[in-house]
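Take a look at the structure below.
What follows is calculated from the coordinates using simple rules that are stated; it is not laboratory data. Remember, it's a predicted structure, so these values are computed and weren't measured experimentally.
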Amino acid sequence: MAYAQYGLETALIVLVGNILINGGVQNFIQPKLMGQRLKIS
């Protein structure tokens, strides 16, 4: 959608940002929450 409205450069920035945010959540936040909920150290 960013590509259609703002062009290729903005679409790539949005894509990279999305990848970084999702990667951070999956690698840092999600394991910490799962460890707390399952009581794993």
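Where only DSSP H runs of four or more residues are counted, the chain gives -22500 deg cm²/dmol as its mean residue ellipticity at 222 nm, each run worth -39500 (n - 2.57). Taking max minus min of the alpha-carbon positions on each principal axis, the chain gives extents of 46, 12, 6 Å, largest first. Rounded to the nearest 10 degrees, the inclination of helix 8-24 to the longest alpha-carbon principal axis of the chain is 0 degrees. Full extension of the chain between Tyr6 and Ile40 yields a length gain of 7.7 nm, computed as 0.36 nm times the residue separation minus the alpha carbon distance.
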